[in-house]
Amino acid sequence: QVQLVESGGGLAQPGESLRLSCAASGSILSINVMAWYRQAPGKQRELVARITAGGRTNYEDSVKGRFTISRDNAKNTIYLQMNNLKFEDTAVYYCNGDIRPTGVAGSAYYWGQGTQVTVSS
């Protein structure tokens with residue numbers, strides 16, 4: 001079974017930083033695109049940052065210059081470094097990956113269960 005597990009969420013004050021991690025585990029043949037999404041109460045889930053297998057990235061406009069997505073392919077892990085946090089960053093952050101399990105003809109998108117990030121003074 002393929003599983004994505006997020007960690008690193010918590011409480012931060014405005015201007016502080018948090019670093020999220022997402023580790024993929026299980027019987028995995030390959031991983032292509034991975035991404036971070038977030039969902040605040042009453043809002044739709046939105047893409048925060050995306051990274052391809054080759055390291056190309058893109059970001060939601062409100063986090064550009066503050067957040068950095070990266071990946072460690074050897075560890076099947078992605079990270080989200082969140083600097084200069086703002087109140088509006090408060091959300092549940094979800095990891096998503098386009099993953100091909102071993103023994104499966106193609107890949108599929110998998111979701112982690114999320115980690116809460118709360119920015120409060």
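The values are calculated or read from the model by the stated rules, or taken from the named source; none is laboratory data. Keep in mind the model is a prediction, meaning the values are calculated, not measured. Cβ coordinates were reconstructed from backbone atoms using ideal geometry, including for glycine residues, and neighbour counts include every protein chain displayed. Side chains included, ligands, DNA and RNA excluded: accessible areas come from the protein's heavy atoms. Shrake-Rupley method; radii C 1.70, N 1.55, O 1.52, S 1.80 Å.
Contact order for the chain, expressed relative to its length and based on alpha carbon pairs under 8 Å spaced 6+ residues apart, stands at 37 percent. Note on Asp72 and Ser17: the model spin-label points, each 7 Å out from Cα along the C-beta direction, lie 1.6 nm apart.
Phi angles across the range 97-104 convert, under the Karplus curve 6.51 cos²θ - 1.76 cosθ + 1.60 with θ = phi - 60°, into 3J(HN,Hα) values of x, 8, 10, 9, x, 5, x, 10 Hz, Gly and Pro given as x.
Over the chain, the hull volume per residue, using the convex hull of the C-alpha atoms, is 94 Å³. Using the 1.4 Å probe convention, the accessible area of the range 16-104 works out to 50 Å² per residue with neighbouring protein chains retained. For Ser120 and Lys43, the FRET efficiency from 1/(1 + (r/R0)^6), where r spans their Cβ atoms and R0 equals 22 Å, is about 0.80.
Give the range of the longest stretch in the chain that excludes all trypsin sites (Lys or Arg not before Pro) found in loop regions by DSSP and having at most 14 other beta-carbon atoms within 10 Å. Excluding the exposed sites themselves, the longest stretch runs over 1-42.
I'd like the GluC sites (Glu not before Pro) in the range 3-96 restricted to DSSP loop residues with at most 13 other Cβ atoms within 10 Å, sorted by number.
Sparse-neighbourhood loop GluC sites (Glu not before Pro): Glu16.
Quick one, can you get me the convex hull of the C-alpha atoms of the range 74-114 expressed as volume per residue in Å³?
So the per-residue Cα hull volume is 84 Å³.
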